[in-house]
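Below is one structure, written out as structure tokens; the observations come after it.
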Amino acid sequence: MTGLKPAALVVLASCLICANWALARSTPALSELLEEIRYISYTRHWQEAQARLDELAARVEQAGQRDQVEFHLLEARHLILADQSHVALERLASLLELDLPDDQRLRVLQLSANVSVLLRLYERGFEYLGEALSLAVDPGAPEPRMATLNLASYMLGRVGEVDRGIEYGESALAMAEATGNQAEQCVALQRLAPVYKWADRLDRAEQLYRKGISICEGLGNQLFAGVMSHGLADLLRQQGRLDEAEQLATVAVELLQRAVYPLGEFEARLVLAEIKADAGTLSDLDAAELERLDDYFATDNLWDQAARVYGLRARLAEQADQPYAAIAFLRDQQRAREAFLGRERAMRLAFLQVEFDTRLQAQELALVRQSARASELEAQTLAQQTQLRGLIIFVIALLTVGLLLLLLRAQRSRRHFRNISRQDQLSGLFNHSWFFQRAQILLDQADAAPGCLALVAADIDRFKRINDLHGHRVGDEVLGRTARRLREVFPEHALIGRIGGEEFAVLVRAADIREVVDCVEAFRDSQQHVLRLGDPEVTVSFGLSCYQPGDDIEALRERADRALYQAKRDGRDCYRLDASCRD
């Protein structure tokens, strides 16, 4: 390089600049990729979109806040569809802690309200909706306004305010039809049709359901087509049109299975079971299906759906001449209905509906005032343009300070999102994805290190019973306490993660397997000593496997899981070693 002449150095530098420019031009911007993935998520299949998001995860950590928020908004939507709505709601709550621009905050609030309704958290849903209404919306961009009106229509219909729900839903549908956007029409029809059904205006409901199914199927939106198919099937069942209803419910189950939307699939299966019961074809062969529906809805505290399942199980027990079982199911049905229709919740929802109307009127008035103010400012601007030239230096200084503040905020946001993507928010341990990613790295280095590398699979025994008897708050405390005890008994260098609902995993290197077993025994010996008065008794089963040359993390996990299942079969509250740890 020292022998090159100045002219040659200039040419070389120019070539390097051109090469870097060409490379930048060949790599799509992250925002463009996220918009493409968003299109796939809403028009094709969310699992395909999630696979693309996984590929972008490394780039997102280095991106600006706006792209990071778009990434996590899509992931939250996919978590909802994957039947992890509680996790999605936590992720959205973390996003709302950030200083977001109005357009992104509006979308986060809308999705938060939507998932709250799915979880029957109506008070929380109305709070999110009320905050969404307080944000200014550009009158020239109808999509945000339509989304809010669609959500308001459905939520008000759910709590019995059907007239107001129909008014908002018809407004959203008219806006969607005026724009000619069929995707927006699909959403508006999916929201409005059930409101007419709840209002007992069945002819209009059927018309909207059929129109919505046609439009959504034409767009390839299996998710919404499936949801509306089982909604129409339920409507036809109420009218006694059972053959047509059964065909639609069967199609709905198939569509929602393909869309991989468990909640919608189980609701469609419930409608199909009710149709069979009305037709007199519900038999003992359906008992296992009803038990599966019972477990699903009760686990997620979806008491309105659980009450319907208990009613079906009571009818089946009565058919089988089991009066005591039928009475027990009827009692369960009554308790489920009381849990869903409590007086305090109904009063709170009525208050929130009034508050929602007030905020909507206030927002519309504010929009009128803003328009008048904008015209006034435009006139003032024309008169003040000559004075602005003297402020250029001052503005440049403000921009410089603003950029520095944005850089500091971006660094804080990056750290915040890194923690979200790696850490389980409830237990403080590594989450599923990050644990297995780090575990594979440690396994790749295992052959060069001395000692025994063991994977410990741990599962809280009968955790569902704890949730059912003591509530999810106590269940969350049990998960947190278990996580703390694992950190206490295993060495600091151990990799510990929460890899499922009540499942934990530990990857630890020790001189031999006896050291690892001692940690497990220490956990089991001390577990009951940390209980407070009134806490449920908690036991944990363990399965241990040891690294063998050539193992990847999946092989190691499979053996640990087999050992864990053996511990479960042997009575729980014990540990079992895989053969790889006894060689």
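Can you tell me how many residues in segment 296-324 are closer than 29 Å to SER116 by Cβ and free of Cβ contacts under 8 Å to residues at least 60 places away in the same chain?
Total satisfying the criteria: 11.
So, in segment 396-448, of the ones that are surrounded by fewer than 14 Cβ atoms within 10 Å (Cβ to Cβ) and acidic (Asp, Glu), which residue ends up modelled with the lowest pLDDT?
ASP447
Go through (1) under 30 Å from TYR122 (Cα atoms); (2) in a helix (DSSP H, G or I) and name the single condition ASN301 misses.
Going through (1) under 30 Å from TYR122 (Cα atoms); (2) in a helix (DSSP H, G or I) one by one, ASN301 breaks only (2).
Given the criteria free of Cβ contacts under 8 Å to residues at least 60 places away in the same chain and more than 30 Å from the chain's Cα centre (by Cα), does GLU537 qualify?
Yes: the conditions hold for GLU537.
Just checking, which of ALA259, ALA233 is crowded, with 22+ Cβ neighbours inside 10 Å and either modelled with pLDDT of 90 or more or under 22 Å from the mean Cα position of the chain (by Cα) (or both)?
Among ALA259, ALA233, only ALA233 is crowded, with 22+ Cβ neighbours inside 10 Å and either modelled with pLDDT of 90 or more or under 22 Å from the mean Cα position of the chain (by Cα) (or both).
Since GLY240 meets every condition but one in (1) farther than 17 Å from LEU293 by Cβ; (2) in a helix (DSSP H, G or I), which condition does it not meet?
It is condition (2) that GLY240 fails.
If the Cβ limit is 6 Å and pairs must be 6+ apart or interchain, which residue in segment 497-526 that is assigned by TED's automatic domain parsing to the domain that holds ILE460 and within 30 Å of ASP83 (Cβ to Cβ) pairs with which residue that is aromatic (Phe, Trp, Tyr) and part of a loop (DSSP other than H, G, I, E, B)?
Pairs that qualify, where the first residue is assigned by TED's automatic domain parsing to the domain that holds ILE460 and within 30 Å of ASP83 (Cβ to Cβ) and the partner is aromatic (Phe, Trp, Tyr) and part of a loop (DSSP other than H, G, I, E, B), are VAL506/PHE490.
Go through GLU123, GLU161 for me and flag whichever is within 22 Å of the chain's Cα centre (by Cα) and not aromatic (Phe, Trp, Tyr).
Residue meeting the stated conditions: GLU123.
Say we look at segment 89-116 and pick out the residues that are farther than 17 Å from LEU133 by Cβ and aliphatic (A, V, I, L, M); which of these is modelled with the lowest pLDDT?
Ranking the candidates gives VAL115 first.
Which of the residues that make up segment 537-561 are of a type in the set (S, T, N, Q) and part of a loop (DSSP other than H, G, I, E, B)?
Within segment 537-561, THR539, GLN548 qualify.
Residues of segment 484-510 being touching a Cys at 6+ places or on another chain (Cβ under 7 Å) and over 16 Å from LEU577 (Cα atoms), which ones?
Result: VAL489, PHE490.
Scan segment 441-497 residue by residue and report those that are small (Gly, Ala, Ser), out of contact with any Ser or Thr (no Cβ under 7 Å at 6 or more places or on another chain) and in a helix (DSSP H, G or I).
Passing the criteria: ALA446, ALA448, GLY475.
Each row is one residue, and each column tells you yes or no for (1) within 22 Å of ASN431 (Cβ to Cβ); (2) at pLDDT below 90; (3) not in a helix (DSSP H, G or I).
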residue: LEU507; (1), (2), (3): yes, no, yes
residue: ASP518; (1), (2), (3): no, no, no
residue: ARG532; (1), (2), (3): no, yes, yes
residue: ASP535; (1), (2), (3): no, yes, yes
residue: ALA563; (1), (2), (3): no, no, no
residue: ALA567; (1), (2), (3): no, no, no
residue: GLY571; (1), (2), (3): no, no, yes
residue: ASP583; (1), (2), (3): no, yes, yes
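Out of the residues in segment 96-118 that are aliphatic (A, V, I, L, M) and out of contact with any Leu (no Cβ under 7 Å at 6 or more places or on another chain), which is surrounded by the most Cβ atoms within 10 Å (Cβ to Cβ)? Working first, answer last.
From segment 96-118, those aliphatic (A, V, I, L, M) are 96, 98, 100, 106, 108-109, 111, 113, 115, 117-118; that's our starting set.
Within this subset, residues satisfying the condition of being out of contact with any Leu (no Cβ under 7 Å at 6 or more places or on another chain) are 96, 98, 100, 109, 117.
Working: LEU96: 13, LEU98: 18, LEU100: 17, LEU109: 25, VAL117: 19.
Of everything passing the filter in segment 96-118, LEU109 is surrounded by the most Cβ atoms within 10 Å (Cβ to Cβ).
From the list ALA183, ALA174, ALA178, ALA188, which residue is closer than 15 Å to GLY212 by Cα and more than 24 Å from the chain's Cα centre (by Cα)?
ALA174
Evaluate the following for GLN247: is it surrounded by fewer than 18 Cβ atoms within 10 Å (Cβ to Cβ) and touching a residue at least 24 places away in the same chain (Cβ under 8 Å)?
It is false that GLN247 is surrounded by fewer than 18 Cβ atoms within 10 Å (Cβ to Cβ) and touching a residue at least 24 places away in the same chain (Cβ under 8 Å).
The values are calculated or read from the model by the stated rules, or taken from the named source; none is laboratory data. Model, not experiment: these values are computed from the prediction. Note that each Cβ is placed from the backbone with ideal geometry, even for glycine, and that neighbours are counted across all protein chains shown.
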